[in-house]
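Contents: one structure, followed by commentary.
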Amino acid sequence: MKIREIRAAGLRGKTQAGGWSHELTPTDIVHTLLTVHTDTGLVGVGSVFTSESLVLASLELLGGLRIVENDLEPSRVSEKLHQNTFWQGRGGAVTHTISGIDIALWDIFSQVTGQPLSRLLGGNYRDRVMPYASVLMSPPKTLVPTLLKLKEEGFSAFKIGWGPFGRENRIVDREIVSAARNAIGADSILAVDAGGSDAYWHCDRKWAVETSHMLKEFNVAWFEEPLSPDDLDGFAFVTSASALPISGGEVLTRRQAFAPYLERNLVDIIQPDVTKVGGISEFVRIAHKALDHNVRVIPHGWNTAIGLAVDLQLAGALPYTDMVEYCTGSAYIDGIVSKPWSLDADGMLEIPQDPGLGLSLDLDAIRHFAGGVDLFTP
């Protein structure tokens, strides 16, 4: 079974705010869906956390490396693409695009074998996993109603991030976290994301350590990206001195970029994004290395329904990946599936055991958000 064609189209019209200093608008494209078509008519789908123009340019760069390849060998094919892009575009958008190809190839492999993806990745450690509702920070008067609504929907874990946190003053930071904790109650999980990968992040390591002690007062589960991802020495200092676990890694690509974070114990929790890092194959390599260094793995999931579906399968296959991120209110997560996501009575998501990625896509909705592009018809 060979790769016959690869198509890609960006999602537009309902793009959520990202919390970035250069904020997104609904028409901006930061998520691109990609389909791999086989010579037998089977189609696999992947997701890329990069704009359509960069994905299309990356596919052109990869060129003949990806065509007439074996669809049933995702790890080898993806590694071939990584190895042949040392000179042009290694990392960044090219690696993001390889992520989408890799996910689609695993989707095809799972369909052909008739096995759930989690089993192909090594087996099932769990059949359900806790999603945490991921919400951008805002003043308490708007944040609290959002959190209360999500709690009513069944979420028992929450992460609040970006917005004014670390960008105004310590009083505002404390007020937001205190209001969030009061809204969700003492028994719910709460994490805080500073968003240190924002442009020109200015908060330093002393701010991060002091803030960790404030967050500890509110029983915060982890403190995410308190520093710029490039500040490796800073992460070493903060993680060793913090009052609670430190996490990061969502912007990194390729396993090599994660190596110092794991080998130097720069974080307590590593958060690769499967739609950016190089796909499922690369994610699993990082996760196994993290396990050896006693670093917890929780996927970054501010992407699409395809990304969430893959994260569920990864949570099934990895022993200590017991949470996934759920980007609440996203049309690209909730609005492109024909079978809605459903929390059980414990606030958990079932890990599907069907072949493929384990989700039913609404192809008409995808065509709408993809600007009329048909990604799936053979």
- What is the distance in Å between the Cα centres of segment 198-213 and segment 132-171? 19
- Note on the structure: Sorted by chain and number, the residues with a modelled amide H under 5 Å from that of ALA191, at a separation of 5 or more or across chains, are PHE158, LYS159, ILE160, ALA221
- Task: Grab the DSSP H runs of the chain that are 4 residues or longer, score each as -39,500 (n - 2.57), total them, divide by all residues and round the 222 nm result to the nearest 500 deg cm²/dmol.
- Result: -11500 deg cm²/dmol
- Most mobile of THR95, THR50, THR142 per a Gaussian network model of the chain (Cα springs, under 10 Å)? THR142
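Where does the chain land on Rg(C-alpha)/(2.2 N^0.38 Å)?
Values: Rg = 19.8 Å, N = 378, 2.2 N^0.38 = 21.0 Å.
Normalised by 2.2 N^0.38 Å, the Cα Rg of the chain equals 0.94.
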- Task: Within the set of other residues whose C-beta is less than 9 Å from the C-beta of PHE235, count the net charge using Lys and Arg as +1 and Asp and Glu as -1.
- Result: 0
- Amide H to amide H, which residues 5 or more places from VAL337 or on other chains are under 5 Å from it, using H placed in the peptide plane? ASP362
- Please give the helix 92-113 orientation as an angle from the longest Cα principal axis of the chain, in degrees from 0 to 90, rounded to the nearest 10. 60
- Query: What lysines could a cross-link reach from LYS14, if we take a straight Cα to Cα line under 23 Å and drop same-chain neighbours fewer than 8 places away?
  - Reply: LYS149, LYS159, LYS276, LYS339
- Alpha carbon centre of segment 44-118 versus segment 308-378: separation in Å? 19
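Just want to confirm a number: the relative contact order over segment 179-283, from Cα pairs under 8 angstrom separated by 6+ residues, in percent.
24
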- Give me the angle, in degrees from 0 to 90, between the Cα long axis of helix 305-317 and the longest principal axis of the Cα atoms of the chain, rounded to the nearest 10. 80
- Rounded to 10°, Cα long-axis angle of helix 52-62 versus longest principal axis of the chain: 50
- Which net charge results when you count Lys and Arg as +1 and Asp and Glu as -1 among the other residues whose beta-carbon is under 9 Å from that of ALA191? -1
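Coordinate-derived values only; no laboratory data. All values reported here derive from a predicted model rather than from experimental measurement. Quick reminder, even Gly has a Cβ in these numbers, built from the backbone with ideal geometry, and neighbours come from all protein chains shown.
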